[in-house]
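The values are calculated or read from the model by the stated rules, or taken from the named source; none is laboratory data. Computed from a prediction, not measured in an experiment: that's the story for all the values here. So basically every Cβ, Gly included, is an ideal-geometry build from the backbone, and we count neighbours across all protein chains shown. What goes into the accessible areas is simple: the full protein's heavy atoms, side chains included, and nothing from ligands, DNA or RNA. Shrake-Rupley method; radii C 1.70, N 1.55, O 1.52, S 1.80 Å.
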Amino acid sequence: MPKLKLSVWFISIALKRAKEESYTMPWDFETDPEFQDKLDWMEEFVREKVDSLGMLGIHPYDVKNTRRNELVRPLQQEVKQNHLWACHLGPELGGQGYGQVKLGLMNEILGGTTFAPIVFGCQAPDTGNAEIIAHYGTPEQKNRYLLPLLNNEIVSAFSMTEPQGGSDPTNFVTEAEFDSDHWKINGEKWFSTNGKWSEFLIVMAVTNPEARRHERMSMFIVPTDTPGVEIVRNVGIYGQQDGSESYIRFKDVRVPANHLLGDQGSAFAISQTRLGGGRVHHAMRTVGSCKRLLDMMSRRAVSRKTSTGRIADYQAVQLQIADSYIELEQFKLLVLKTAWMIDKYQDYRKVRKDIAAIKALMPKVYHDIAARCIHIHGSLGVSNEMPFVGSLIGSMVMGIADGPTEVHKVTVAKQHLRSYADLDDPVFPEYSLIKRSADAHERHGNASRQPGR
């Protein structure tokens, strides 16, 4: 067989084998065309119709605001007509039942746009609360709370964090005692997002102080207008004019026995399931926010001139843009890989390490890109005419919300070290050069003779 024909034959065989192997090990970085069309529609829709709503001084969660509803309801209807409403939920609840990879790609587009999550029916904390009620609520609870929540007719809050205990449930002291046919709740909750707008709260409270650390708490639905529920004050993130992080006091608050969600003592497990997917969504929205920051710093770099030329021509600026691009792409791939693993295993416990890793990395990537964007914009960057300082504060919020970064890093380390638990290397381990050399000679004999002899 001539050499050229032989080469073509080898190539055709190799391509055939590669094609066969592709069915056994799918691995692709390209979105399927049909779903990409949906993403393209989303991107244009958010840019042209949704993004500007954040500049009108209207709060997206104020569902009783007539002007807000006049603007938002038609957009929500348009999203529903395109079958992109509440896609994290199954068809029985009006969603598409999308996996985490698809949801992640959608949330990348929604990130950085104040009203986008509301318009697409995937706003936190309502999404997580809806999932809890969908899984653990009674038919009556679903009728009363879930359906209007899914339709964005009402909003909710997740009352977990406490003033003295932070986000560590093992330090919570808010308690619920069973009293006849009711639960009686006493205690305080801190930073319950959107408590001021909420129709109901999902509250974590200690029901069995003597149980094991993660089985002490239960979860309850508490209507916000229940006697004894007091919103002490609404706290704002620094720079906000109107706060919506509620400090709530519960004093002899009585809720019916059937307002318990799930089994008694199962609050920690329920909350972890709720938070797992939410962390992926937050991470991909952070990717979207960072893409916007990178875009703005790049535009500034090529348009801002000094006496010696554009600042984009300075190596110091180029290095900042390069670092931002590299860090963003690395982070995005890690998040999407984690989302892919969740879809594959359908078990958050198997992906716990990676979920913790993206949560730990998220605030650093966000902070560093925001800081560079501020620096490249100079004095304009630190002014209240630009959104960058808000992004910087937002990155710090991400390092605290749903547990501080340090906690998630410890989780990563502990999960990673589990596979080494049975190892007990000697002082001079097998990977030392002396031992490796001895092993090589034992495997291959004495190969020290001179070349050519």
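Conditions (1) of a type in the set (Lys, Arg); (2) open to solvent by less than 40 Å² (accessible area, probe 1.4 Å); (3) within 27 Å of TRP190 (Cα to Cα); (4) at pLDDT 95 or above, marked per residue:
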{"position": "ARG349", "(1), (2), (3), (4)": "yes, no, no, no"}
{"position": "TYR366", "(1), (2), (3), (4)": "no, yes, yes, yes"}
{"position": "ARG372", "(1), (2), (3), (4)": "yes, yes, no, yes"}
{"position": "HIS377", "(1), (2), (3), (4)": "no, yes, no, yes"}
{"position": "VAL382", "(1), (2), (3), (4)": "no, no, no, yes"}
{"position": "SER391", "(1), (2), (3), (4)": "no, yes, yes, yes"}
{"position": "ILE400", "(1), (2), (3), (4)": "no, no, yes, no"}
{"position": "VAL410", "(1), (2), (3), (4)": "no, no, yes, yes"}
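LEU336 fails exactly one of the following numbered conditions: (1) surrounded by fewer than 19 Cβ atoms within 10 Å (Cβ to Cβ); (2) within 26 Å of ASP402 (Cβ to Cβ); (3) in contact with a Gly (Cβ under 9 Å, 6 or more places away or on another chain). What is the number of that condition?
Tallying (1) surrounded by fewer than 19 Cβ atoms within 10 Å (Cβ to Cβ); (2) within 26 Å of ASP402 (Cβ to Cβ); (3) in contact with a Gly (Cβ under 9 Å, 6 or more places away or on another chain), LEU336 fails exactly one: (1).
If I filter the stretch 44-52 for residues that are more than 15 Å from THR114 (Cα to Cα) and without any contact (Cβ under 8 Å) to a residue 40 or more places away in the chain, do I get at least one hit?
yes
Looking at (1) without any contact (Cβ under 8 Å) to a residue 40 or more places away in the chain; (2) in contact with a helix residue (DSSP H, G or I) (Cβ under 8 Å, 6 or more places away or on another chain); (3) open to solvent by 50 Å² or more (accessible area, probe 1.4 Å), which is the one condition that is false for VAL427?
Condition not satisfied by VAL427: (2).
Sort out which residues of the stretch 339-365 are of a type outside the set (A, V, I, L, M, F, W, C) and in contact with an Asp or Glu (Cβ under 6 Å, 6 or more places away or on another chain), and write them in order of number.
Selection gives nothing.
β-branched (Val, Ile, Thr) and farther than 27 Å from GLU44 by Cβ: does that describe ILE133?
Criteria met by ILE133.
Do you know which of the residues in the stretch 75-87 that are modelled with pLDDT of 95 or more and assigned to a loop (DSSP other than H, G, I, E, B) is nearest to GLY195 (Cα to Cα)?
Here the answer is TRP85.
Restricting attention to the stretch 286-303, does a residue exist that is out of contact with any helix residue (DSSP H, G or I) (no Cβ under 8 Å at 6 or more places or on another chain), hydroxyl-bearing (Ser, Thr, Tyr), over 27 Å from ASP343 (Cβ atoms) and not in a helix (DSSP H, G or I)?
The answer is no, given that none of the residues of the stretch 286-303 is out of contact with any helix residue (DSSP H, G or I) (no Cβ under 8 Å at 6 or more places or on another chain), hydroxyl-bearing (Ser, Thr, Tyr), over 27 Å from ASP343 (Cβ atoms) and not in a helix (DSSP H, G or I).
What number of residues within the stretch 389-445 satisfy the criterion of being in a loop (DSSP other than H, G, I, E, B), among the acidic types (Asp, Glu) and closer than 30 Å to LYS359 by Cβ?
So the answer is 2.
Can you name every residue in the stretch 42-60 that is under 19 Å from GLN240 (Cβ atoms), open to solvent by less than 50 Å² (accessible area, probe 1.4 Å) and part of a helix (DSSP H, G or I)?
Once the filter is applied, which keeps residues that are under 19 Å from GLN240 (Cβ atoms), open to solvent by less than 50 Å² (accessible area, probe 1.4 Å) and part of a helix (DSSP H, G or I), the stretch 42-60 yields LEU53, GLY54.
Restricting to the stretch 207-218, name every residue that is loosely packed, with under 15 Cβ neighbours inside 10 Å and either of a type in the set (Val, Ile, Thr) or part of a loop (DSSP other than H, G, I, E, B) (or both).
ASN208, PRO209, GLU210, ALA211, ARG212
Given the structure, is LEU110 in contact (Cβ under 8 Å) with a residue 24 or more places away in the chain, open to solvent by 20 Å² or more (accessible area, probe 1.4 Å) and within 22 Å of PRO60 (Cβ to Cβ)?
No; evaluated as a whole, the condition is false for this residue.
Out of the residues in the stretch 88-111 that are part of a helix (DSSP H, G or I) and not hydrophobic (A, V, I, L, M, F, W, C), state the one that is nearest to VAL335 (Cα to Cα).
By that ranking, first place goes to GLY104.
If VAL173 satisfies all but one of (1) out of contact with any strand residue (DSSP E or B) (no Cβ under 8 Å at 6 or more places or on another chain); (2) of a type in the set (A, V, I, L, M); (3) surrounded by fewer than 17 Cβ atoms within 10 Å (Cβ to Cβ), what's the number of the condition it fails?
Condition not satisfied by VAL173: (1).
Only one of these is within 26 Å of the chain's Cα centre (by Cα), of a type in the set (Val, Ile, Thr) and part of a helix (DSSP H, G or I): VAL63, VAL72. Name it.
Residue meeting the stated conditions: VAL72.
Can you tell me which residue among ILE231, ILE270, ILE221 is under 20 Å from MET160 (Cα atoms), in a strand (DSSP E or B) and open to solvent by less than 20 Å² (accessible area, probe 1.4 Å)?
Result: ILE221 is the single residue among ILE231, ILE270, ILE221 that is under 20 Å from MET160 (Cα atoms), in a strand (DSSP E or B) and open to solvent by less than 20 Å² (accessible area, probe 1.4 Å).
Restricting attention to the stretch 273-320, and to residues there that are within 22 Å of VAL389 (Cα to Cα) and of a type in the set (D, E, K, R), which single residue is most open to solvent (accessible area, probe 1.4 Å)?
Only one residue fits best here, namely ARG299.
May I ask you to list pairs of residues, at least six apart or on different chains, whose Cβ atoms are under 6 Å apart, with the first in the stretch 253-269 being more than 9 Å from MET219 (Cβ to Cβ) and the second being acidic (Asp, Glu)?
Partner pairs satisfying both residue conditions: ALA257/ASP181; GLY265/GLU215.
Kindly indicate whether TRP190 is hydrophobic (A, V, I, L, M, F, W, C), open to solvent by less than 60 Å² (accessible area, probe 1.4 Å) and more than 30 Å from GLY95 (Cβ to Cβ).
no
All but one of (1) modelled with pLDDT of 95 or more; (2) in a helix (DSSP H, G or I); (3) more than 30 Å from GLY165 (Cβ to Cβ) hold for MET386; state the number of the condition that does not hold.
(2)
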